[in-house]
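Q: First the structure, then my questions, so here it is.
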Amino acid sequence: MTRLKFLLAAATAIGLGLVPPAFAAGPVKVALIADSTGPLEAYAKQTIAGFQLGLEFYTKGTMTVAGRKIEVILKDSQTKPDVGRNVLSEAFGDQDVDIAVGGTSSAVALAMLPVAEEFKKVLIVEPAVADAITGDKWNRYIFRTGRNSSQDAISNAVAVGKPGTVIATLAQDYAFGRDGVAAFKAALATTGAKIVAEEYAPPTTTDFTAPAQRIFDALSKQPGRKVLFLIWAGGNPMAALKSLAPERYGIEIATGGNILPAMAAYKDFPGMEGATYYYYAIPKNPANDWLVAEHTKRFNAPPDFFTAGGFSAAASVVAALTKTNGDTKTETLITAMEGMSFETPKGKMIFRKEDHQALQSMYGFKIAVDPKLAWAVPELTKEIGIDDMQVPIMNKR
C-alpha cells in the first residue's frame, strides 16, 4: 500500500509539473550542418557563430532549456549534396540527434530533406534559400528560418520594379538561381516592370563577358529604364560586371543584400536600390542590440548577414523546446512549431503552418558610401513587413 501511495504521488507530481519528466535527464542533441569547406565557407562560419551566440542569448547563458542541456554537434557538408545527405543520416541514425539545423547551399539542403522524412526528425533549414525547400520538395519535418527565394523576390520587386522598367537577370545555374529568377519574375508581375532576358551561369564562373554581352544586347533594344538584376551567392561578380561598362548602354546594376565583404563591390554603385534580409544597423530590438554589441566585442566586427540567420535558427530551437517543456519527440515538436512565433534579431518570425516557412520582415535599401567603412551601406528606405508580402504557398502536400 505504501509503495502504491508513493507511485500515485509521483505520478501526480509529474502531471502537475512539480518534478521534471524522465526525458529531462539527458541533453538535447542538435546537429548543425554547414558548408564549412567550399565556396560558401564564409556563410557557414557566420551561421555557426550566430547559432552559438543565439543559444547563449536565448538561454541567458545557461545553454539549458527546461532542465536539459543543449549539445551542439557540428558537421561539415563541404558544399556537396551527397555529403550533406550522409552527415545528416549519420547524425539522426548513429548519434541519436534530436533536431538538425542547416543547409548552406540550396543543393545541399534539398539533398537533406528526404533524410529528415526517412528518420522522422525535424530539420530546420538555415540559410538555404531555394523555394523548392518549402515548395514541391518539402515534407512535414522541414521548417525554415532562412528567407526563401519568394521573400527575396517580392522585397526586391518592391524596391526595383516600377512601370516602364525593363529587367534582365543573371543568376547561378542551380536551384538557388533558377528559383530566385522564377520568384522574381512572378513578383514583378504587378509592378509594371518586366523581365526581357534571363542568363544562367555555373556557380564557379569568373568570366562574365559572354552572358553580360547577351544581356546588354537584349536590354539595349528596349525602351525605358534598363536594369541588370543579379542573383548570386558565394563569389561576387559585381566588379566584373562594372568593368564591362554597362552604363554605355544606359543599364543599371541592381541586386539584393549580401555579406559585408561582398558589399565592398557595392561601393561602385552609389544609389543602387534593392532589398536585403539583414544589415546590422537596421533592426532595432533587444536581440539585435545584444548581437551587435557582443559580436563586435568578441570578433572586432559587426555581425553579418548569415550571423543573424544562425542566431534566428537558435531562437527557434529554444522557443520550440520551451514550448514543449524540453520534450523532443518529433510530433510534439511539430505541433509546437506550426504557427509558432518567436523573436529574432530581425524582430518577430512566424512558422507558417502550411509549409513551415518563417514569415519575416525584409528591408528595402539604397546604397550609400561611408569612406570609414570597407563595405557599402544599405540605408533603409522601407521595412517590408510580414503583412506587406503575400508569400505564395508552393508545396503540393
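Q: Just order 161-174, 234-247, 29-42 by mean Cβ neighbour count inside 10 Å, highest at the front, would you? Before the final figure, lay out the partial values.
A: Working: 161-174: 19.6, 234-247: 16.9, 29-42: 22.1.
Order by mean packing, descending: 29-42, 161-174, 234-247.
Q: Give me 68, 352, 248 ranked fewest to most by other Cβ atoms within 10 Å of their Cβ, as a rough exposure proxy.
A: Details: 68 22, 352 18, 248 9.
The fewest-first ordering by Cβ neighbours comes to 248, 352, 68.
Q: While we're on this one: Rounded to two decimals, what is the ratio between the C-alpha radius of gyration of the range 253-321 and 2.2 N^0.38 Å?
A: 1.26
Q: Bins of 5 Å, beginning at zero and ending with the bin holding the largest distance: percent of Cα pairs per bin for the range 211-292, please.
A: Pairs per bin, as whole percents: 3, 12, 24, 20, 16, 11, 6, 4, 3, 1, 0.
Q: Starting from the Cα-Cα distance between residue 56 and residue 293, subtract it from 0.36 nm times their residue separation and give me the gain in nm to one decimal.
A: Contour length minus Cα-Cα distance gives 83.9 nm.
Q: Report the FRET efficiency, 1/(1 + (r/R0)^6), for residue 73 and residue 245, where r is their Cβ-Cβ distance and R0 is 56 Å, rounded to 0.05.
A: On the way: r = 49 Å, r/R0 = 0.88.
E between residue 73 and residue 245, to the nearest 0.05, is 0.70.
Q: So what is the orientation-averaged projected area of the range 93-173, using the convex hull of its C-alpha atoms, in nm²? Spell out each step's value before the answer.
A: Details: hull surface 25.6 nm².
Convex hull of Cα atoms, orientation-averaged projection: 6.4 nm².
Q: Counting only DSSP beta bridges with both residues in the chain, what percent are antiparallel, rounded to the nearest 5?
A: In the chain, approximately 35 percent of DSSP beta bridges are antiparallel ones.
Q: Could you check how many percent of all C-alpha pairs in the range 259-375 are farther apart than 17 Å?
A: On the way: 4182 of 6786 pairs.
Of the Cα pairs, 62 percent sit more than 17 Å apart.
Q: Related question: Can you pick out the pairs among 80/353; 29/69; 226/382; 60/329; 69/297 whose Cα atoms lie more than 20 Å from each other?
A: From the list (80/353; 29/69; 226/382; 60/329; 69/297), the Cα-Cα distance tops 20 Å for 80/353; 226/382; 60/329; 69/297.
Q: Over the range 179-321, one equal point on each Cα, no solvent: what is log10 I(q)/I(0) by the Debye formula at q = 0.10, 0.18 Å⁻¹?
A: -0.45, -1.12
Values quoted throughout were computed directly from the atomic coordinates according to the rules given, and no laboratory measurement underlies them. Because the structure is predicted, anything quoted here is derived from the model rather than measured. Every residue, glycine as well, gets a Cβ built from its backbone with ideal geometry; the counts of neighbours run over all protein chains shown.
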